[in-house]
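Take a look at the structure set out below.
Here, each number is a calculation from the coordinates, and none is a lab measurement. If you're wondering where the values come from, they're calculated on a predicted model, not measured in any experiment. Here the Cβ positions follow ideal geometry from the backbone for every residue, glycine too, while neighbour counts run over all protein chains shown.
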Amino acid sequence: MAQKGKAAGRPDAEEESSSGPLEIAIVGDLTDHEAELTDRLLSIEPGGQCTIYFDSPGGSPYCAVSMATLMRLRGIRATGIVTGECSSAALWPFATCTRRLVTPYSVFLFHPMKWQSEEHIGIAEAAEWSRHFAALEGEMDLLLGDLFGSSCDLIAKWIQTHRYVTGSEMVKAGLAEMIALKPLPELLGSPSDR
C-alpha cells in the first residue's frame, strides 16, 4: 500500500492538505490488507477526497462491502484509477468511487462469488453457510449494480458468464472514463508543487 506523505500510519492534517488528497494503492488481495485499508479510509475526513489506485484480483466479499460501506457512510469522494486489474471483490470499492478512471489496458473480472473453507465443519454448519452464501451472493450482485449506477442486467450477465471486461468495455457501458497513459493534471497539483 502506498501513501502520499508519510511512509506509514496516518498523515497529519497539515501534510495531507499541502500535498493534495490522500493516495491509496490497493495491490494484491484485499483481505491481506484489510486492516491497513480500513485505517487509511478512516484517516480521510468525512466528505473528504482521495485517489485509490487498483491492481487487485479481489479477496473477501466481506472486506469489499466493508470498504464500500465506509466510503459511502463517510461521504468519501474517491477517484478510482485501475492501473492493472480490478477483479472480483475489488469491484465493490471501485464501483463506490465517485469518479472511475481506466486505461485501455485495465482488466476487470466479473464472476459469481466463490465459497472456500479451509476449516473442518459439520454438515449442519455447511448447510447454513450454503443458505447464507446464496442470499449474500444475490444481495451483493444487486449492490454492485447500484454502486455502479447501472443496469443490474448488464452486471448480472457479466457475472453469470465469468466475463473479463476491458477498460474500453467499461467506458462503453458508462461505468468509467478512459484516460491515456500520460500525466493527469489533477494528480500533479498546482504548478508551485512541481
Dipole axis of the range 50-165 (+1 Lys, Arg; -1 Asp, Glu on Cβ), positive-most option in S88, L101, I159: L101
1/(1 + (r/R0)^6) with r = Cβ-Cβ of L142 and Y105, R0 = 35 Å, i.e. FRET efficiency to nearest 0.05, evaluates to 0.75
Mean Cβ count within 10 Å, highest first, over the residues of peptides 29-40, 98-109: 98-109, 29-40
Of all DSSP beta bridges in the range 13-193, what percent run antiparallel (nearest 5)? 15
May I ask you to derive the FRET efficiency for S150 and T98 from their Cβ-Cβ distance with R0 = 25 Å, giving the value to the nearest 0.05? 0.95
Peptides 86-93, 155-162: what's the order by average Cβ count within 10 Å, highest mean first? 86-93, 155-162
Extended-chain gain in nm, criterion 0.36 nm per residue less alpha-carbon gap, K157 and V27: 44.1 nm
Quick one: if the Förster radius is 30 Å, what FRET efficiency do A173 and T69 give, using the C-beta to C-beta distance and rounding to 0.05? 0.80
